[in-house]
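Down below is the structure, laid out as structure tokens.
The values are calculated or read from the model by the stated rules, or taken from the named source; none is laboratory data. Note that the structure is predicted; figures quoted are calculated from it, not measured. Note that we place each Cβ from the backbone using ideal geometry, even for glycine, and neighbour counts take in every protein chain shown.
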Amino acid sequence: MNAPAPTAPLFTPFALGSVTLPNRIVLSPMGQHSAIEGTATDWHLMHLGQFAVSGAGAVFTEATAIEPSGRISRGCLGLWSDEHARAFARISAFFAEYGSAKFGVQLYHSGRKGSMLKRWEARNFVPVEQGGWPIEGPSALPYHGRPEPLPFSRDRLREVRDNHVRAARLAESAGFDLIELHAAHGYLLHQFLTPLANSRDDEYGGSLANRMRFPLEVFDAVRAAFPPQKPVGVRVSCSDWADNGWTLEETLEFAAALKARGCAYICASAGGTTPDQHIELSPGYQVPFAERIKRDIGIPTMAVGLITEAEQANAIIAKDQADMVALGRALLYDPRWPWHAADKLGVPLTYAPPYRGEYPNMRSTDRLKPGATKK
Ligand SMILES: Cc1cc2nc3c(=O)[nH]c(=O)nc-3n(C[C@H](O)[C@H](O)[C@H](O)COP(=O)(O)O)c2cc1C
């Protein structure tokens, strides 16, 4: 028997619990601000559906709020009602029928960064009298020119934790394969982690152990509410890139605590706490974070940020810097990025049956290339 043909590491499967991604390419969560009262619309079926059949290994919804006041804008997706779950079930049924990608939901609460206009309208805060909602946070520390958030009482913290649980149960009924908890980009769980947003003097503020307490309580509750064989990962900001902010060293401690609790992977992003962050952007600028967490903590990681080229993405996996690569804008720009990457790396790729033509074993995307003579 012939040995199987070598394949590019980017196109090898990756198992997260009982969920196996067919390859390492992930659509990064990207807010669409196109939901109606939290419910997914035809836009989401089109937007996410195109990536279901893109050849990616996993596709994430945008940040999806666990309660109405956890949204960034009125257009954000939500997962607090059966109606929300039904709308997502329509999309997950599309994934199951046509897609090769696994379907994940990113759960979050916006905390002090909520009640905004839709991104494309303006970056403006919406006060309650104009249809917004009171914003809450760990402490009365406002985000850059916005109103002071109302500090969460303990009862509200319990409620927010329980609303994450409700969302995790609804995620299962909607047919999601995996959950990612959003603890990055200056949203609520990150607000608890960073001293720049958390100045509490109770058991949820002060020491690192105290600042990690609420995010870990939420993780435990979500993990317990989602089927054990299905993965729950966490997206973290590995640094605030600002003086006196959250650091990579603290991220390593957080990742170790998450690993001990059964976290499936860490997506290593950064920033979002303050507009005063100093970031030097370059290709793959956050990859060293993913590499460090993977090496030091021994938990699978997902790299994200300015990963745009097939060879670059393949090298990240080949050099074991991360286990998965999440792409945002490059996939928006070219939703067939995985096809084109497979082509560049010489890997045959199976694609959705309606695109395969009349010959069942004609699976190569070569057939679809402009100018191809093969049927
Ligand atoms: C339009 C848009 C919306 C985004 N929304 C989210 C989001 O909902 N959740 C999240 O974790 N990151 C969000 N991000 C960040 C991306 O997931 C990703 O981390 C970032 O764009 C860097 O990756 P890239 O260079 O491949 O685009 C968003 C990015 C864009 C461009």
Inset, instruction - Could you please let me know if S207 is free of Cβ contacts under 8 Å to residues at least 24 places away in the same chain, out of contact with any helix residue (DSSP H, G or I) (no Cβ under 8 Å at 6 or more places or on another chain) and more than 23 Å from E67 (Cβ to Cβ)? - result: yes
Legend entry - Subset of segment 104-117 (residues that are assigned to a helix (DSSP H, G or I) and of a type in the set (A, V, I, L, M, F, W, C)): none
Legend entry - Search result, residues across segment 230-249 that are part of a loop (DSSP other than H, G, I, E, B) and under 19 Å from the mean Cα position of the chain (by Cα): K230, P231, C238, S239, D240
Inset, instruction - Could you list, in sequence order, all residues of segment 178-208 that are away from the ligand (no atom under 16 Å from the Cβ) and touching a Leu at 6+ places or on another chain (Cβ under 9 Å)? - result: L196, A197, N198, S199, Y204, L208
Inset, instruction - Collect the residues in segment 279-318 that are of a type in the set (K, R) and either crowded, with 23+ Cβ neighbours inside 10 Å or in contact with a Pro (Cβ under 9 Å, 6 or more places away or on another chain) (or both), keeping them in residue-number order. - result: K294
Legend entry - Residue, nearest to the chain's Cα centre (by Cα), within segment 99-149, restricted to residues that are within 30 Å of S18 (Cβ to Cβ) and within 16 Å of the ligand (Cβ to nearest atom): Q106
Legend entry - Pairs where the first residue, in segment 95-121, is among the charged types (D, E, K, R) and the second is in a loop (DSSP other than H, G, I, E, B) and at pLDDT below 95, C-beta under 8 Å, 6+ apart: R112/R146; K113/R146
Inset, instruction - Determine which member of the set G17, G78 is among the small types (G, A, S) and within 16 Å of the ligand (Cβ to nearest atom). - result: G78
Legend entry - Out of H190, H182, sole residue that is in contact with a Gly (Cβ under 8 Å, 6 or more places away or on another chain) and within 22 Å of V26 (Cβ to Cβ): H190
Inset, instruction - Please specify each residue of segment 281-340 satisfying the condition of being among the hydroxyl-bearing types (S, T, Y) and either touching a residue at least 24 places away in the same chain (Cβ under 8 Å) or away from the ligand (no atom under 14 Å from the Cβ) (or both). - result: S282, T301, T308
Inset, instruction - Just need a number here: residues in segment 154-177 that are part of a helix (DSSP H, G or I), more than 11 Å from P227 (Cα to Cα) and aliphatic (A, V, I, L, M). - result: 5
